[in-house]
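One structure below.
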Amino acid sequence: MSELTVPGAARRPRRPDSPVLAAVADWLTMAGRGLRLTRRNLDAVLTSLALPVLLMLLFVYLFGGAIDTGTRYVTYVVPGVLLLCAGFGASMTAVGVTTDMTGGIIDRFRSMDVAGASVLAGHVAASVVRNLASTVLVFGVAFLIGFRPSAGPLDWLAAAGILLLFILAISWLAAAVGLLARSPEAAGGFSFLVMFLPYPSSAFVPIDTMPTWLHGFADNQPVTPVIETLRGLLLGLPVGTSPLEAVAWCLGILVASVAASGVLFRRRTA
Amino acid sequence: MPSELAVEAAGLEKSYGRLRVLDGVDLAVERGSVFALLGPNGAGKTTMVRILATLIRADAGRARVAGFDVVADRRQVRRRISLTGQFAAVDDLQTGEENLRMLGRLAGLPGPEARRRAAELLERFGLASAGRRTVATWSGGMRRKLDLAAGLVADPAVVFLDEPTTGLDPRSRQDVWRVVAGLAASGVTVFLTTQYLEEADRLAGRIAVLDGGRIVAEGSPAQLKQRVAGHRLDLVLADASAFAEVDRYLGGRALQRDPGRLTIGVATDGSAAQVRALLDEVDPTRRVVDRFAVHSATLDDVFLALTGHPTDRPDHGADLEKETADV
């Protein structure tokens, strides 16, 4: 602090003139930021990874023996665990967005002409990368404990596509929740909801073993068609209309969340 | 820049529900000057800064910053300003260097240049040794310095500082003051808000006093002080009954009253004739006034005279004591 003069940049930096180019450049910077913050928040990442994996082990070794699914239980349960992971990962996204909105940094970004969409999309991009890592981990552990899918390359590709779409939809939903929440703690509560959603679905037990009054919900909630599609693709079973339903749900959630984020961001920053 | 004014505002109004925060504010800030918007908590200072920094829109009125309209040419304004608010706007989980590099990229610097700029700013702000640690491990004063450095990454023409020293210890406050002085020397326009009269007096070439959403006075620190009387005669009274008597006699003319120290201050031009006349008027029997002292009026006196109520500064007294103890 000895110098009285300001470090003189020779010339004023230039943001791209096109708003779209600027938004894309900002988005990449924000995604890099999101990944750096993820690396520094390793305990939260590990928790969000360890819990679903532990749940998988719990289900496979403690409950799995008692659950008759017609296949090896580990093979049955993997899609559900993947979706659980997506829920946990999304909760970090919601917390990140709320932290930005309640701290001073969003004002700095906005006063630098960074679009809200770039900030949010940066969080979503980091969320997708986190989820891909957790997906790889879950598959790895699953293979170690006996997961043997019978999918061909095209099935794998389709499964990856559906999973990616689901992760994207849930991440944007998390961003919208993050904009809605007034505190990071409240945003964190979001994980509870998303984590709970796979239970009353076909993720862990077949729906026809549930009480009949629950069938209506379990059959028609978004997680079930995604699970059914993933399971069908991975095991080489007929998938029926599940992929269509899954894609419709995911796109619906995605579009609604992106639209809601736009409205909520403008309201939060008004 | 088409105009010699860095900031010009006319008739700005802003309400939140039924609460009227700004009630017709006019301002003009010359390029390259340091301007202080002075006012107590809740006067509307932050709202004013947020309107000028394009973050919110006024309900009525117009404003131009760096020659551009804050609504119509928002993007042009944003390329020429920086805002450092009351809350540290840096990521705790990034290092100081990463924070500055990220902001450099957002400002449009290519990667290597953003890196160079970050290193340069860390060096100048005395943060180089901490630059590779995450900000979560830094002290409050260091964070505020980083926050100020962050505002300079893009080489702005107008720098908005919203209460830059609130909550800082005396040493960090001095650091911030040095930064502001340095900015002024380099030709940047600084628009700062503060509730500390001393700070405005010390840093700013021009001061506007904001109270209840209106500008109640504007001018150089010297001009504002003149509006009271230039000087203040402090009378130390003999005892409590003398204090009560003089207090009753002076009534609203008292600029300052401190029953604990039996002291009452009144405005004077500082001339021997007027001081003598005042003493005779207040104390014709020559027994109630023990001692007296003549001071230049402080901005506190100005504030009281202009707004009819004293400044609201809950913790500043304690800060000043600490400052003395520090020396």
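The values are calculated or read from the model by the stated rules, or taken from the named source; none is laboratory data. These numbers come from a predicted model, not from an experiment. With ideal geometry, Cβ positions are generated from the backbone for all residues, glycine too; neighbour counts draw on all protein chains shown. In case anyone asks, the SASA skips ligands and DNA or RNA and just uses the protein heavy atoms, side chains included. Shrake-Rupley method; radii C 1.70, N 1.55, O 1.52, S 1.80 Å.
Some observations on this one:
- In plain terms, the chain from residue B:13 to residue B:178 could stretch by 56.1 nm, reckoned as 0.36 nm per residue minus the Cα-Cα distance.
- Inter-probe distance in nm under a simple model that places probes 7 Å from Cα toward Cβ, at residue A:28 and residue B:116: 2.0
- Evaluated at q = 0.11 Å⁻¹: base-10 log I(q)/I(0), Debye formula over Cα of the range A:39-135: -0.45
- Per residue, the range A:95-213 exposes an accessible area of 40 Å² to a 1.4 Å probe, with every protein chain left in place.
- Semi-axes of the equivalent ellipsoid of the protein assembly as shown are 62, 25, 21 Å, computed as sqrt(5λ) over the eigenvalues of the C-alpha gyration tensor in descending order.
- Length gained on full extension, residue B:239 to residue B:258, computed as 0.36 nm times the residue gap minus the Cα-Cα distance: 5.6 nm.
- Counting only other chain Cβ atoms within 10 Å of each residue's Cβ, the peptide A:36-48 averages 2.
- More than 17 angstrom apart: percent of Cα pairs within the range B:78-204: 54
- Less than 5 angstrom separates the built amide H of residue B:292 from those of B:236, all sequence-distant by 5 or more or on a different chain.
- In Å, descending, principal axis extents of the Cα set of chain B: 79, 45, 37
- Accessible area per residue in Å² at 1.4 Å probe, computed on the range B:97-213: 31
- Unit Cα scatterers, Debye sum, the range A:148-198: log10 I(q)/I(0) for q = 0.19 Å⁻¹: -0.71
- Among beta bridges that DSSP assigns inside the protein assembly as shown, antiparallel share in %, nearest 5: 70
- Cα-derived Rg to Rh of the range B:22-157, Kirkwood definition: 1.01
- With a Förster radius of 51 Å applied to the beta-carbon distance between residue A:215 and residue A:182, the computed FRET efficiency rounds to 0.90.
- Spherically averaged projected area of the convex hull of Cα atoms, the range B:138-267: 10.6 nm².
- Extents of the range A:139-270, largest first, come to 53, 36, 31 Å (Cα atoms, principal axes, whole angstrom).
- One decimal place: the segment residue A:136-residue A:193 gains 18.1 nm when fully extended, by the rule 0.36 nm per residue minus the C-alpha distance.
- Loop-located trypsin sites (Lys or Arg not before Pro) in the range B:53-126 whose Cβ has at most 15 other Cβ within 10 Å (DSSP): B:57
- Pairs of Lys residues in chain B, spaced 8 or more positions apart or belonging to different chains, with C-alpha separations under 23 angstrom: 4 in total.
- Based on C-alpha pairs under 8 angstrom that are at least 6 apart in sequence, the range A:146-233 has a relative contact order of 35 percent.
- Each label point was placed 7 Å from the Cα along the Cα-to-Cβ direction; for residue A:270 and residue B:23 their separation is 2.5 nm.
- Accessible carbon and sulfur surface of the protein assembly as shown relative to its total accessible area, %, 1.4 Å: 59
- Translational diffusion of the range B:12-60, µm² s⁻¹ [Kirkwood Rh, Cα pairs; Stokes-Einstein; 37 °C; 0.692 mPa s]: 282
- Only protein heavy atoms count here, probed at 1.4 Å, and on that basis chains B and A bury about 4100 Å² of accessible area in total.
- Label zone (residue A:143, point 7 Å along Cα-to-C-beta; backbone nitrogen cut-off 20 Å) within the range A:196-240: A:230-236.
- Kirkwood-Stokes translational diffusion coefficient of chain A, alpha-carbon pairs, 10 °C, 1.306 mPa s, µm²/s: 80
- Measuring spread by the Cα atoms of the range A:192-263 yields a radius of gyration and Dmax of 13.4, 42 Å.
- Cα-projected label distance for residue A:67 with residue B:226, points at 7 Å along beta-carbon direction, nm: 8.4
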